[in-house]
1. Does A13 fit the bill of being touching a helix residue (DSSP H, G or I) at 6+ places or on another chain (Cβ under 6 Å), within 19 Å of L75 (Cβ to Cβ) and modelled with pLDDT of 85 or more?
2. Checking G28 against (1) at pLDDT below 80; (2) open to solvent by less than 30 Å² (accessible area, probe 1.4 Å): exactly one of these is not met. Which one?
3. With open to solvent by 40 Å² or more (accessible area, probe 1.4 Å), at pLDDT 80 or above and in a helix (DSSP H, G or I) as the only criterion, which of I81, I68 stands out?
Amino acid sequence: MGFLGFLLLGLIAGAIAKAILPGRQGGGWIATLILGVIGALVGGWLGSLLFGADLGEFFSIETWLVAIGGAIVVLLIWGLITGRKGNRAA
């Protein structure tokens, strides 16, 4: 998969992850989409490492599930980080 295809996959995975996660995530849509791209990278790396997933195809359901799962994990971690900062100030 080319760089632009992977970038598009990450942006869409980030938007889907934001829609799946309940509540309000820190940052706006741009931050969420950037975190989605990072999550797609992390998910793709973990998917290929743990499950031997072949992530070379853009239209593969396996690629999408791994990217969305990685984006959800990164958004959850981001929410924990930003939530802790807010609790310290209060």
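The values are calculated or read from the model by the stated rules, or taken from the named source; none is laboratory data. Computed from a predicted model, the values in this text were never measured in an experiment. We place every Cβ from the backbone using ideal geometry, glycine too, and count neighbours over all the protein chains shown. Accessible surface areas use protein heavy atoms only, side chains included; no ligands, DNA or RNA. Shrake-Rupley method; radii C 1.70, N 1.55, O 1.52, S 1.80 Å.
1. yes
2. It is condition (2) that G28 fails.
3. I81
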